[in-house]
1. Name the residues of the range A:1-25, by number, that are at least 30 Å² less accessible with every protein chain in place than in the isolated chain; the surface is that of heavy atoms, probe 1.4 Å, without ligands or nucleic acids.
2. How big is the B-A contact in terms of buried accessible area, both chains counted, 1.4 Å probe, rounded to the nearest 100 Å²?
3. Given the whole protein assembly as supplied and a 1.4 Å probe, what does the accessible area of B:Thr96 come to in Å², nearest 10?
4. Using a label point 7 Å beyond Cα on the Cα-Cβ vector, give me the inter-copy distances for B:Ser50 in nanometres, one decimal, shortest first.
5. Distance in nm between label sites at A:His92 and B:Gln89, each 7 Å beyond Cα in the beta-carbon direction?
6. Over the range A:1-58, with every protein chain in place, what whole percent of the accessible area is carbon and sulfur at 1.4 Å, could you tell me?
7. Probe 1.4 Å, all protein chains in place: accessible area of A:Tyr64 in Å², nearest 10?
8. For A:Val71, which sequence-distant residues (separation of 5 or more, or a different chain) have an amide H within less than 5 Å of its own amide H, given hydrogens modelled in the peptide plane?
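The values are calculated or read from the model by the stated rules, or taken from the named source; none is laboratory data. In this text the structure is predicted, and so the values were computed from the model without any measurement. A quick note on method: Cβ atoms are made from the backbone with ideal geometry, for glycine too, and the neighbour counts reach across all protein chains shown. Protein only, heavy atoms only, side chains kept; ligands, DNA and RNA dropped before computing areas. Shrake-Rupley method; radii C 1.70, N 1.55, O 1.52, S 1.80 Å.
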Number of protein chains: 2
Amino acid sequence: MPDALRQFKAEIFQALAHPTRIAIVELLREGEVSAGAIVERLGLEQANASQHLAVLRTKQVVSYRKEGNQVFYSVRHPLLLEVLEIMRQYFHAHLTESLTMLNEMSQQVPVVEGDKR
Amino acid sequence: MPDALRQFKAEIFQALAHPTRIAIVELLREGEVSAGAIVERLGLEQANASQHLAVLRTKQVVSYRKEGNQVFYSVRHPLLLEVLEIMRQYFHAHLTESLTMLNEMSQQVPVVEGDKR
DNA sequence: TTCGTATATTCTATAAATCGAATATACGAA
DNA sequence: TTCGTATATTCGATTTATAGAATATACGAA
């Protein structure tokens, strides 16, 4: 694979490599959300949110639309949401795996079954 | 979504947020590859490769198996390869989009059709 | 024009990632 | 044990990312 393509992919991953930005993109699953609503619903500082949005814009993860005073953001391509969806599956698989291992390591103290917090 | 989950996802993305590590993971699509073979086939410095492998190990992207002198790496979960596959599709969609836009912007100089380099 | 709201940018300090060089460890063979 | 190969780790320098504070810009309303 050409190096430019790897570079491109790396930049997308990097754009997603921060909990706040993941939260933003997942919020945008619903559709367009204004910058202000993002700030409010995620409880972010305005400047900080704006910086993270700048990263997402620069790396082409989101697009935006100005309407009067406000700026509405949306995810640029549904495939990116699919990536997050797979990560969700991966997390689930990963967690299951870990629990299974724990179970095998300590048969006498089942982790999954008695898990009533 | 709980913050721990976002943190987890962010770490996976970060593990993939480097061209060299993407190259490594894509090389591992074939199956197990030794550290030495990774170094050789990607033309990396030994220490540098080892550092990137450490990142992939730490973030749970790869697993490894020691056999005598060598260490064989493999991707820990097929879902992670699926993520890369989607990125490939995204890249293609993205590229197509850009070319279409270029085309629309300069009708008199078609970009796609006359592209014989 | 002036004011107020929404958003972006710049600045500074701090933390984290990256690289190459050097060194360390693990292991099989002699 | 000593040697050689494969791999990992540590170190120091440089770059990049991040947060918060302060400031700037854009735009609609008065």
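1. Listed by number, the residues meeting the 30 Å² cut-off are A:Met1, A:Leu5, A:Arg6, A:Phe8, A:Lys9, A:Ala10, A:Phe13, A:Ala17, A:Pro19, A:Ile22.
2. Values: alone 8560 and 8570 Å², together 13640 Å².
The contact between A and B buries close to 3500 Å².
3. For B:Thr96, the solvent-accessible surface is approximately 60 Å².
4. 4.7
5. About 1.8 nm separates the two model spin labels.
6. On the way: 1210 of 2670 Å².
Summing carbon and sulfur atoms, their accessible area is 45 percent of the total for the range A:1-58.
7. Counting only protein heavy atoms, the figure is 120 Å².
8. A:Ala35, A:Gly36
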